[in-house]
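J.: Please read through the structure below; I'll follow up with questions.
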Amino acid sequence: MPSSREQSLTRRRYGERAVLGIGLYLLLALAPLILMLLAPLPPGRSFLRELSVALGFAGASVLGLQLAISARLRRLKAPYGIDAVYHFHRRISYLALALVLAHPTLLFIESPATLALLNVVTAPWRARLAVGSVLLLLALIGSSLRRKRIGLSYEAWRGLHDLLAVAVLVLAVGHMEGIGHYINAPWKRVLWIAYPVMWLGFLGYVRLAKPVLKLRRPYRITQVRREAPRVWTLGFHPEGHPGIKFLPGQFAWVTLRRSPFSFEEHPFSFSSSAEAGDGGFEMTVKELGDFTSTIGTVKPGETAYLDGPYGAFTTDRYPAGGYVFIAGGIGITPIMSLIRTAADRKDDSRMRLLYAASTVENLVFSDEIDTLTGGLSLRVTYILERPPEGWKGERGFMTRELLERNVEEMHDADFFICGPPPMMTAVEKALSELRVRPDRIHYERFDLV
Ligand SMILES: Cc1cc2nc3c(=O)[nH]c(=O)nc-3n(C[C@H](O)[C@H](O)[C@H](O)COP(=O)(O)OP(=O)(O)OC[C@H]3O[C@@H](n4cnc5c(N)ncnc54)[C@H](O)[C@@H]3O)c2cc1C
């Protein structure tokens, strides 16, 4: 493990980058609003009308920046962690919607006659484009919120999401062009040419540049190993390139049996040690749905493509007096990487693992974990939902009482939690009741959408 000085330097560097990223985001998001509000009020137009237009522009720029947020720019995302970035992406879309809706609302208040623009049969094209853009934006947000309820597969949703996002922006820019006079001033022209070009750049990066980069760095599957019922470990080895350097606990998007240009790629945590040194790695996958249920049929020699590493779920970034790992089911994978790496580094940090599974057969890696406790300062508690006859360990679910019983002398520890959503929620609540500082708790969520 890096020294605590190295770790705090890394933490500071990430902190500085985080602040820089937020500053850049605010600047890009608010530039159209600020510039419009600073400009002198054009003759014959009220403040309310100008404010309405400025909010519309701000809404469009926030929406355009969503492409940057979801573009998986590693340097930009590293300081926050993917979880936080997608959380922000979801939350900020509400702000964008509010800004976009404020635009016509203020206009209607200022001049009720403009309500006629909602009649798409009689309204001019520029108004039709605006109505279309808002309706598609509502569809975009609605389909994301209700994906599971309306039975949309992840891949179908992702394709639709990209399509709707581009359509919303194209119609919005068409609307601005249709109005014309608001973007005729030279600086506004420059801004509203630069913004769509930037958005296109992000899209081109994700859909073209990234797949080309992946194509040039293929991986060969070296082995497929059954770990437990419906759980498989895949070994990857770089083909003709040095491979990947990841931090323990991180993850990558994997494309298997598909072209790297395809929409279908799945995120998996590295389960092997980050100290392997040969650019190779392992991932451990539980059969769950369409893609993962075929994982056991993958054959050594098949080709895979990778986009990563990503994620902030790593002890390397958080110097602490000790570490408490709380895993549920397949959520053990990133934690296994943390433990294996600690063993390879001969790390003497105090570590505690609480690992919950439904049955003893589903405790993936338990034999290896028991062996590793010998060389590490690691204590392990297994928790079974349905324990076998004579089980002496913990049983049931993660509760505050269970944590209190099993996590002692860990007031200066950082907590790393990965498991099914109900377990994560229960642990989050329990740790908050136990007054663990929120900045000491780190989550890896396997259900991004
Ligand atoms: C950061 C992260 C790390 C993960 N690490 C592991 C791991 O180490 N081992 C493991 O078994 N699983 C891991 N997962 C979960 C794994 O990605 C999903 O189980 C898998 O993608 C499901 O695909 P499916 O087609 O088999 O199932 P589906 O039934 O299609 O999907 C089940 C759920 O998985 C999620 N999902 C599906 N496809 C994707 C996708 N392409 N991208 C993002 N989410 C998707 C959706 O929430 C979906 O509802 C991880 C997920 C994330 C976000």
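The values are calculated or read from the model by the stated rules, or taken from the named source; none is laboratory data. Small disclaimer: the values here were computed from a predicted structure and weren't measured. Neighbour counts are summed over all protein chains in view; Cβ atoms, including those assigned to glycine, are modelled from backbone coordinates with ideal geometry. These area figures cover heavy atoms from the full protein model, side chains too; ligands, DNA and RNA do not enter into them. Shrake-Rupley method; radii C 1.70, N 1.55, O 1.52, S 1.80 Å.
J.: Kindly evaluate Leu136 against the criterion of being free of Cβ contacts under 8 Å to residues at least 40 places away in the same chain and surrounded by 18 or more Cβ atoms within 10 Å (Cβ to Cβ). Before the answer, list the steps.
T.: Values: free of Cβ contacts under 8 Å to residues at least 40 places away in the same chain: yes; surrounded by 18 or more Cβ atoms within 10 Å (Cβ to Cβ): yes.
The answer is yes for Leu136.
J.: Let me ask something additional. So in the range 80-127, with the set limited to residues that are in a loop (DSSP other than H, G, I, E, B) and in contact (Cβ under 8 Å) with a residue 24 or more places away in the chain, which one is surrounded by the fewest Cβ atoms within 10 Å (Cβ to Cβ)?
T.: Looking only at the range 80-127, we keep the residues that are in a loop (DSSP other than H, G, I, E, B), and these are 80-81, 111, 119-124.
Add one more test, that the residue is in contact (Cβ under 8 Å) with a residue 24 or more places away in the chain, and what stays is 80-81, 111, 124.
Working: Tyr80: 18, Gly81: 21, Ser111: 13, Pro124: 10.
The residue in question is Pro124.
J.: Can you find a residue in the range 196-214 that is open to solvent by less than 30 Å² (accessible area, probe 1.4 Å), part of a strand (DSSP E or B) and either over 12 Å from Ala304 (Cα atoms) or touching a residue at least 40 places away in the same chain (Cβ under 8 Å) (or both)?
T.: no
J.: Could you count how many residues in the range 142-166 are away from the ligand (no atom under 14 Å from the Cβ) and either part of a loop (DSSP other than H, G, I, E, B) or buried (at least 17 other Cβ atoms within 10 Å of the Cβ) (or both)?
T.: Within the range 142-166, residues that are away from the ligand (no atom under 14 Å from the Cβ) and either part of a loop (DSSP other than H, G, I, E, B) or buried (at least 17 other Cβ atoms within 10 Å of the Cβ) (or both) number 2.
J.: Another question, if that's okay. State whether one or more residues within the range 344-355 are within 16 Å of the ligand (Cβ to nearest atom) and either open to solvent by less than 20 Å² (accessible area, probe 1.4 Å) or without any contact (Cβ under 8 Å) to a residue 40 or more places away in the chain (or both).
T.: Yes, that holds for at least one residue.
J.: Kindly indicate whether any position in the range 270-293 is under 18 Å from the mean Cα position of the chain (by Cα) and open to solvent by less than 10 Å² (accessible area, probe 1.4 Å).
T.: Of all residues in the range 270-293, those under 18 Å from the mean Cα position of the chain (by Cα) come to 270.
Next cut, open to solvent by less than 10 Å² (accessible area, probe 1.4 Å) only: 270.
Scanning the range 270-293, I find at least one residue that is under 18 Å from the mean Cα position of the chain (by Cα) and open to solvent by less than 10 Å² (accessible area, probe 1.4 Å), so the answer is yes.
J.: With the condition being closer than 18 Å to Val427 by Cβ and touching a helix residue (DSSP H, G or I) at 6+ places or on another chain (Cβ under 7 Å), I'd like the strands (runs of 3 or more DSSP E) fully within the range 300-362 carrying at least 1 qualifying residues.
T.: Working: elements: 303-310, 322-328, 350-357.
Qualifying strands (runs of 3 or more DSSP E): 322-328, 350-357.
J.: How many residues are aromatic (Phe, Trp, Tyr) and more than 15 Å from Ser93 (Cβ to Cβ) if we restrict to the range 109-168?
T.: First, the residues of the range 109-168 that are aromatic (Phe, Trp, Tyr): 125, 154, 157.
Within this subset, residues satisfying the condition of being more than 15 Å from Ser93 (Cβ to Cβ) are 125, 154.
The qualifying residues number 2.
J.: Sticking with this one: Looking at Leu372 and the list (1) within 16 Å of the ligand (Cβ to nearest atom); (2) more than 24 Å from His87 (Cβ to Cβ); (3) in a helix (DSSP H, G or I), which single condition is not satisfied?
T.: Against the list (1) within 16 Å of the ligand (Cβ to nearest atom); (2) more than 24 Å from His87 (Cβ to Cβ); (3) in a helix (DSSP H, G or I), Leu372 comes up short only on (1).
Residue by residue, here is whether (1) among the small types (Gly, Ala, Ser); (2) at pLDDT 90 or above; (3) open to solvent by 90 Å² or more (accessible area, probe 1.4 Å) holds:
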{"residue": "Arg17", "(1), (2), (3)": "no, no, no"}
{"residue": "Ala29", "(1), (2), (3)": "yes, no, no"}
{"residue": "Pro43", "(1), (2), (3)": "no, no, yes"}
{"residue": "Ala71", "(1), (2), (3)": "yes, no, no"}
{"residue": "Leu76", "(1), (2), (3)": "no, no, no"}
